[in-house]
1. Mean-square fluctuation check for the chain, GNM, Cα pairs under 10 Å: which of Phe262, Phe42, Phe224 is largest?
2. Would you mind checking the tilt of helix 11-22 against the longest principal axis of the Cα atoms of the chain, expressed as 0 to 90 degrees and rounded to 10?
3. Label point 7 Å out from Lys109 along Cα-to-Cβ: which residues of the range 257-271 have amide N under 15 Å?
4. Compute the acute angle (0 to 90°) between the alpha-carbon long axis of helix 124-137 and the principal axis of greatest extent of the alpha-carbon atoms of the chain; round to the nearest 10°.
5. Kindly rank 49-58, 175-184 from highest to lowest mean number of other beta carbons found within 10 Å of each residue.
6. Can you show me the helix-derived [θ] at 222 nm for the chain, built from DSSP H runs with n ≥ 4 at -39,500 (n - 2.57) apiece and divided by the number of residues, rounded to the nearest 500.
7. Please state the charge dipole magnitude for the range 112-197, taken about the Cα centre, from unit charges on C-beta atoms (+1 on K and R, -1 on D and E), reported in debye and rounded to the nearest 20.
8. Could you give the size of the charge dipole of the chain about its Cα centre, using +1 on the Cβ of each K and R and -1 on the Cβ of each D and E, expressed in debye and rounded to the nearest 20?
Amino acid sequence: MKIAVTGANGQLGSDICSVLKQEGHEVIELNHDEFDIINYEFVSAMLNDVKPDVLINPAAYHHVEKCQNDADMAFSVNATAPFNMAKICKELNALFIHISTDYVFDGLKNAPYLETDCANPLNNYGISKLAGEQMIATTGCRYLVIRTSGLYGVNPCRAKGGKNFVELMLSLAEAGKPIRVVDDEKVSPTFTLDLARQISTLLTIKDSGVCHATAEGNCSWYEFASAIFELANIDANLSKADPSEFAIKVNRPKYSVLENHFLKSKKLNTMREWKDSLREYLSLRGK
Ligand SMILES: NC(=O)c1ccc[n+]([C@@H]2O[C@H](COP(=O)([O-])OP(=O)(O)OC[C@H]3O[C@@H](n4cnc5c(N)ncnc54)[C@H](OP(=O)(O)O)[C@@H]3O)[C@@H](O)[C@H]2O)c1
């Protein structure tokens, strides 16, 4: 298949491209410097020229504090641009796969969120991503909105700069520093390579809708840090932090666990237990 991928050099985008290329697909890698998704005329001309069978959109404006301070940009990139790309996909009869987030939820459910649960985002990032999801649904294109959470990959997250959580923990341990991590937020840390492999199983899907795709199981950030050190066999100076130790600039959900209900109902769920994926990540990193 001919598959175009936006944000192709991002943490998730780069793994999507390498998995799809390994599987023999023709992959068109679209990077921000030459393909800005908010430039509708350019995006339309380019996609009409390329005519992909599938367009995958991991590109996003997703630094939470920046989104809070610049709602215009958050809505342009996370809502209007996906809406426009979905309209183009409708014209081209292409499947549109859009990446969304656990931050569409408020975290108050305290049980894994289903795709059908009511969204209630707590910040501009989540609001703009939810708006994008809903605007895509109005276009009538074939689409999948894939909500994921707590991504880490071998290529760093460009929006967050530098290190993912695993790399941050490893570098703090290497420096011999005391490491304080909160224990009151639940996540499903999701390895981008697993998500990329999962996305490759969905390219011929006939259904449109929202699909949760995160690692199986969940943990607190403290438990995630403990597992990193246990699996990497590192004796780190790790302890639980009081949440008040970290200034909260923007509200975020404290419980971010998603149930891969849609994938399981279609017998398509390939996502692994988070610790199994972490083991593969650490071995790829030579740990
Ligand atoms: N990271 C997480 O923990 C997490 C959790 C849940 C959901 N998500 C979602 O997962 C997706 C991928 O995240 P990631 O961690 O891979 O992020 P990332 O490494 O920051 O990748 C995002 C990519 O989007 C590109 N981009 C930003 N603005 C663009 C624009 N206007 N036009 C074209 N490209 C643009 C970036 O390019 P430049 O860097 O050159 O601007 C970058 O290549 C996002 O949709 C995010 O909302 C992430």
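Bear in mind that the values in this text are calculations on the coordinates, not laboratory data. Note that the structure is a prediction, hence the values are computed from the model and not measured. Virtual Cβ from ideal backbone geometry, glycine too; neighbours counted across all protein chains shown.
1. Phe42
2. For 11-22 against the chain, the angle is about 60 degrees.
3. So the set is 257-265.
4. Around 30 degrees separate the two axes.
5. 49-58, 175-184
6. -10500 deg cm²/dmol
7. Here the size comes out at about 300 debye.
8. Computed charge dipole of the chain: roughly 360 debye.
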